[in-house]
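Worksheet for the structure shown next.
The values are calculated or read from the model by the stated rules, or taken from the named source; none is laboratory data. Keep in mind that what you see is a predicted model, and the values were worked out from it rather than measured. Cβ atoms come from the backbone with ideal geometry, glycine included; neighbour counts cover every protein chain shown.
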Amino acid sequence: MHFIPDNIVIHFVILAGSFFLLSKSADFLVDGSVGIAAKLKVPKMIIGIVLVGFATTAPEFSVSVLSALKGHPEIALGNAVGSVIADDALALALGIIVAPVALKVDSRILKSAGIFLICIDLIGFGLAANGVISRLEGLLLVAILAGYLAFVVLSEKKRKAAAGAAAETEEAEEIEEVDEHIKPGKLSLQFFRFGIGVAGVLIASEFLVDSSLFIARFFGVPEVIIGLTMIAIGTSIPEIATCIVASRKGHGDLALGDIIGADILNILWIVGAAAVANPIVVDRNIMFFAFPVMILVVLVMLLLARAGYTLQRWKGFLLLGLYGLYLTATVIFFYLPS
């Protein structure tokens with residue numbers, strides 16, 4: 001943006017303001033999405049996985065695709081991979097730590113979505129192995145996502161149909177649970193909230209990408225490290241906020257479901273769409289450091305959730321410690337002279 005002075009202090013202020021606007025805009029986007037779904041009587045499964053999932057990853061999507069279109073797809077890939085790590089080892093960790101009691105985990109999430117998450121992480125790793133994620137491979141990732149969403153919705157409908165009366169009781173409880181988080185207002189107001197959120201996310205992303213690039217160049221920091229750390233944390237704010245709120249209310253299954261859903265979207269939707277916008281040339285450091293770390297963090301998170309199907313506070317501190325080690329290793333691996 002040529003109208004912004006080339007002053008490092010100004011760009012840091014813009015960066016902070018962009019994160020704030022991104023966070024507030026994501027709140028509007030999530031509230032509007034849930035409100036629209038509730039008014040149209042869309043099932044909670046679709047609310048959680050489709051609308052809220054896409055809404056909370058809107059910052060990552062906007063920043064990644066915009067970066068790719070501007071000729072910096074390495075930021076897009078770094079942001080997506082870094083966001084998965086931040087979601088699992090930072091957002092979920094903080095949610096576990098602030099929860100008043102140990103969080104209970106829905107075993108169905110781990111048996112289905114958890115296994116699928118590991119599979120697509122390995123697929124992403126495999127597609128990046130030749131050093132580039134092409135437009136065709138990006139379309140493949142998006143197609144896998146479309147198939148997965150269709151499978152989830154159809155499977156849930158079949159499960160409820162087979163359960164009969166018990167499913168009606170469960171659905172009534174789900175509706176009551178969702179109602180607690182719906183902002184008041186008519187359908188038109190919900191669409192207005194959604195529109196404001198989308199506009200805010202797009203504007204904040206534009207400023208965030210440009211200022212991050214300037215700061216990276218000013219300090220000689222590789223763009224990939226900016227994507228893996230600073231931008232990844234900033235764009236994961238919606239997941240962090242959602243996870244903390246859900247955990248404080250004792251909804252461990254919602255918190256974990258949001259994190260797993262966001263992880264799936266980061267690989268299939270965000271990397272896929274960014275590759276379609278501009279083929280991603282994969283840095284060897286991303287290939288041999290960031291991808292393996294991402295897979296390791298996902299495995300650790302799922303194993304901790306699987307152990308007793310509860311998330312105690314010590315598990316949160318373990319994940320947080322793992323994220324600290326990751327940040328340290330990132331600086332050493334990418335930035336410090338060998």
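A Cβ distance below 6 Å, combined with a sequence gap of six or more or placement on separate chains, defines the contacts here; from region 93-117, residues that are in contact (Cβ under 8 Å) with a residue 24 or more places away in the chain reach residues that are part of a loop (DSSP other than H, G, I, E, B) in the pairs A102/Q312. Would you point out which residue out of A93, A102 is over 20 Å from the mean Cα position of the chain (by Cα) and hydrophobic (A, V, I, L, M, F, W, C)? Going through A93, A102 in turn, just one is over 20 Å from the mean Cα position of the chain (by Cα) and hydrophobic (A, V, I, L, M, F, W, C): A102. Of the residues making up region 204-236, those that are small (G, A, S) and farther than 16 Å from V13 by Cα number 4.
For region 206-243, the candidate set comprises residues that are under 13 Å from the mean Cα position of the chain (by Cα) and not hydrophobic (A, V, I, L, M, F, W, C); within that set, the residue that is modelled with the highest pLDDT is S236. Residues that are under 25 Å from G32 (Cα atoms) and at pLDDT below 85 number at least 3 in the following helices (runs of 4 or more DSSP H) confined to region 101-197: 135-163, 165-179.
Is one or more of the residues making up region 304-315 within 20 Å of the chain's Cα centre (by Cα), surrounded by fewer than 24 Cβ atoms within 10 Å (Cβ to Cβ) and touching a residue at least 60 places away in the same chain (Cβ under 8 Å)? Looking for residues that are within 20 Å of the chain's Cα centre (by Cα), surrounded by fewer than 24 Cβ atoms within 10 Å (Cβ to Cβ) and touching a residue at least 60 places away in the same chain (Cβ under 8 Å), one finds none in region 304-315, hence no. Is it the case that region 71-82 has a residue that's part of a loop (DSSP other than H, G, I, E, B), under 30 Å from L213 (Cβ atoms) and modelled with pLDDT under 95? Within region 71-82, one or more residues are part of a loop (DSSP other than H, G, I, E, B), under 30 Å from L213 (Cβ atoms) and modelled with pLDDT under 95.
Within region 264-288, the set of residues being part of a helix (DSSP H, G or I) and in contact with a Ser or Thr (Cβ under 8 Å, 6 or more places away or on another chain) comprises L265, N266, W269, I270, V271, A273, A274, A275.
All of F3, F12, F28 fail the test of being among the aromatic types (F, W, Y) and modelled with pLDDT under 80, apart from F3. Out of all the residues in region 207-262, which are surrounded by fewer than 22 Cβ atoms within 10 Å (Cβ to Cβ), of a type in the set (D, E) and either in contact with a Gly (Cβ under 8 Å, 6 or more places away or on another chain) or not in a helix (DSSP H, G or I) (or both)? The answer is E223, and nothing else. Within region 95-109, the residues that satisfy the criterion of being surrounded by 15 or more Cβ atoms within 10 Å (Cβ to Cβ) and of a type outside the set (A, V, I, L, M) are G95, K104, D106.
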